[in-house]
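Only one structure is covered here, and it is reproduced in the block below.
The values are calculated or read from the model by the stated rules, or taken from the named source; none is laboratory data. Note that the structure is a prediction, hence the values are computed from the model and not measured. Reconstructed Cβ throughout: ideal geometry from the backbone, glycine too, with neighbour counts over all protein chains shown. For accessibility, only protein heavy atoms count, side chains too; no ligands or nucleic acids. Shrake-Rupley method; radii C 1.70, N 1.55, O 1.52, S 1.80 Å.
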Amino acid sequence: MAASACSGFFCLFFLFSAVATNENTTSFDFNATASGDQNVTFTVTENYATLETTTTPSSGSTEEPLLPAEPLPESGRLLTPVTTVDRLCPCDEHTGVCDINCCCDRECSQEEVSLFTSCSVGAVSGSRQLCSRDVASYSLRNTENGYSELQSSVQKETSYDLFCIQAQNRLDGLSHPPPELPTDGNFESLFRQFTSFIFGSDSDAQVSPGEVQASPGYLYEDVMVTVGQSGQRGTFWMPSAGLTADCVDSSPAAFLKDQSSRCSRRVVLDQDCRSLPALSMNTYSDIQLFAGKQIDAAVVPMEVASVILQSTDDTQTELQISAGENLSPVLLRPNLCANVVLKVIYVIKYNPGGEIVNATVTLVLGFVSNRMLPLEQEFQITYVQEDGGDVAVRYSGNPGYVVGLPLVSGTKTADGIARSIDPRDTLSLLHSAEDQDCLQDPHQRSPVLFGLNSVSGCTLRLADAENCSLVSHLLLDVLRGPNYPQYVASFGNSPLENPLDWMQIKNSFSPGDGPSCSIPLSLHLEFEWTKYGSLMNPQAQIVSIKEVIQTNTSSLNLLSGGSGVLPIRSSVAFIPVSTAALPGYRTMPTIDAKLPFDFFFPFV
């Protein structure tokens, strides 16, 4: 029978019928050989729904269309993809057989993988339009016997694009269970359930208490939380340029990530001078930050360190601010506005636990006339550790390493560890380029990023290798790079004055070893890391670094196969060596009681 359901200005008509839904689940287990002797097991579950419909003939000759009567499950989330990235394999072209160099092919056994020379597909990921997506990485490492061994991992990458998709219910290439249709009985509940995902709703702009993590302090790139006048929680924004030079005020400031930006604003002075919040210093100084991510964290107010007044001829004078002084923008003439914010500098001081201790802001105010429009503003934010650490040196975690950030490296001196403040002067690998000659400068290099395995190299022409001793030293310098460091920090923020927190690169290679003409053919860096700390918030720590250099054991002509060109390779592998967490039990208490000497008298 027909029924109607009205909501607001819309009135929808549905046909009612009974539907039963049976969900079947199929599970697949996939074992892939990882680094060392470990096995990585991926478990993927596919769900699909089968609709069984019960038809009710109508009075006419045709049957009414059937619609499900039960609403969708109230999960609070949109439908998510069933197929994960570790099950996708673009290079798997033949069913039932192993495709050569296809590292994600499940038909390939360990014996077949050992003969691979490279991975034709190094990474498989979801849509780049998503704000958060999984990326499956595949790479090969050489064993001591010269065979290849597969290394695979699935990492979650975050996109900070301005127009990324936060939630989705349809993605080409991934499968979804068929959704059930709304009925007259579930329309209101579905409307309330899914309207919260509309872009730009007020619920998306605030941080709910359920999203606050268990760790008390902020982690690297965490969004800092603010508190408003009425106690509502928000996000600490730092304006920056978007797709154009115009300012975007909804760009969050990431914890421990120093940022600087310039952007412009289109301002009508006689209308916006007093009313536009972006021009007033109160917008950037009346901020209260939560010290950590806990709900009961302390509140840290933003303190004004100094206010600098800039004149029309760009001369600057520091103002002495007195209590109650008003520095709001004021319109002096129809084409001149005073006390406009031109530059904002934030300094956030934090402790080793990731909690904010102090926050200060320095403001540059100036005069803006019509000839200076559009208005250009500059914003900066810097993080300083409470114990007075070196601000110029960039860290790669606090304390544990963060996947995708460069390793912290340096050289040992009498006073501790010396490290360059230039972020490019770190442990690096050759960056593969088309027709890159090993003996011809310049060589493109890329830093070694924690947790990301990589392979690169260059080509050596045998005609240039006549002077074997000279070529051997040159190739070694090319593979290692300039200012090759001796030590790597075990944590992302290891102090320079504590050498025990720095791991030495183990190397047993000597350029004089081997046959009469011995040149390095490959350089492999092997990093063993473990999860350190509590189970609630483990930190990545490097525990061992080994450099493996392979040289030729036969003539170069035989290795090149008569082509006259020899490939030289450099690679990096990160091997997790964390042991499984085991429950601990306290020992039984012992009884240490002393009896009096006549306790058994008169029996003894």
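Brief remarks follow.
- Restricted to strands (runs of 3 or more DSSP E) entirely inside region 306-350, those with at least 3 residues that are out of contact with any Ser or Thr (no Cβ under 7 Å at 6 or more places or on another chain) and at pLDDT below 85 are 316-319.
- Within region 547-565, tally of residues that are open to solvent by 80 Å² or more (accessible area, probe 1.4 Å) and either at pLDDT 80 or above or assigned to a loop (DSSP other than H, G, I, E, B) (or both): 2
- Residue within region 134-142 that is without any contact (Cβ under 8 Å) to a residue 60 or more places away in the chain, crowded, with 19+ Cβ neighbours inside 10 Å and within 16 Å of the chain's Cα centre (by Cα) present: yes
- Pick from region 369-394, criterion at pLDDT below 85 and among the charged types (D, E, K, R), ranking: nearest to Asn339 (Cα to Cα): Arg371
- Of all the residues in region 221-237, those that are open to solvent by 20 Å² or more (accessible area, probe 1.4 Å), closer than 13 Å to Lys257 by Cα and part of a loop (DSSP other than H, G, I, E, B) number 2.
- Ser578 under 25 Å from His443 (Cβ atoms) and either under 25 Å from the mean Cα position of the chain (by Cα) or in a loop (DSSP other than H, G, I, E, B) (or both): no
- Checking Leu470, Leu427, Leu460 one by one, the residue that is open to solvent by 40 Å² or more (accessible area, probe 1.4 Å) and more than 18 Å from Gly122 (Cα to Cα) is Leu470 and no other.
- Condition check for Leu365: farther than 30 Å from Lys156 by Cβ, at pLDDT 85 or above and open to solvent by less than 30 Å² (accessible area, probe 1.4 Å): yes
- Total residues in region 251-300, condition part of a loop (DSSP other than H, G, I, E, B), surrounded by 13 or more Cβ atoms within 10 Å (Cβ to Cβ) and small (Gly, Ala, Ser): 6
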